[in-house]
1. Once phi is turned into ³J(HN,Hα) by the Karplus curve 6.51 cos²θ - 1.76 cosθ + 1.60 with θ = phi - 60°, what whole-Hz value does each residue of segment 125-131 show in order, with x for glycine and proline?
2. Along Cα→Cβ, 7 Å out, is where each label goes; now give me the distance between the ones at ILE41 and THR143 in nm to one decimal.
3. Taking +1 at the Cβ of each Lys and Arg and -1 at the Cβ of each Asp and Glu, which of SER172, LEU154, GLY193 sits farthest along the dipole of segment 146-194 towards its positive end, judged by Cα position relative to the Cα centre?
4. If you count only protein heavy atoms and use a 1.4 Å probe, how large is the accessible surface of GLU54, to the nearest 10 Å²?
5. In terms of modelled amide H atoms, which long-range or inter-chain residues lie less than 5 Å from the amide H of ILE91?
6. Return the long-range amide H neighbours of GLU54 (sequence gap of 5 or more, or a different chain), with a cut-off of under 5 Å between placed amide H atoms.
Amino acid sequence: MGAFTMGILRRLLLPVMILGVSGLAQSPTYHLGRTPTAEEIRAWDIAISPTGMELPPGRGTAKEGAQLYVRKGCSGCHGPSGAGGKAPTLIVTKGAPTKPGAMPGMDMGIQPPGLMAVSAPYATIMWDYISRGMPLGKEGTLTPNEAYALTAFLPFKNDVIKSEDEAMDAQSLPKVQMPGREGVLPPPEWKHGTPRLQGYP
């Protein structure tokens, strides 16, 4: 075999050998799971920002939310009047004490008193939490209309919005002026390719 032929063989075999070695270096596959469908990815892509840009179509009023509060079993954890249950207080009369609740994992990310309808800086945070985390044990089963209605119900009962017939939807919900917004700065604008946190690689 001539030098020319050997040179060609080396050039042909080198990529095959490199691919073989890199294939050995990769983690083994265990034939578990599957690639999610586009519909499943859409269902999981549910994070809602303060601006509410990601909110789905739908609408709901506090009047509808009051009925849902009973029908969906919210009162079983939070109490029939939105207070006094094992879960955190949701509705409070002025001057009444609130408590964070005694159920593990039910602090709603707000430490005491846990009153989301007053402490949350954005109404979209309530929609996001209710939509993805309620009712307990049946998380993610609420329709967008139901999440809007329950989200309207809590600010109405806490005197944040004034009418039980005021419809909450993707346009009106982000405009609700929450008492907890005072002193909270909006998140800085993020541009693709830049670190999300200062000093973070």
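The values are calculated or read from the model by the stated rules, or taken from the named source; none is laboratory data. Nothing here was measured: the structure is a model prediction, and the numbers come from that model. Using ideal geometry, Cβ is built from the backbone for each residue, glycine included, and neighbour counts are taken over all protein chains shown. What goes into the accessible areas is simple: the full protein's heavy atoms, side chains included, and nothing from ligands, DNA or RNA. Shrake-Rupley method; radii C 1.70, N 1.55, O 1.52, S 1.80 Å.
1. The phi angles translate into 5, 5, 4, 4, 5, 5, 5 Hz.
2. 2.8
3. The residue sitting farthest along the positive end of the dipole is GLY193.
4. 90
5. ALA83
6. SER49
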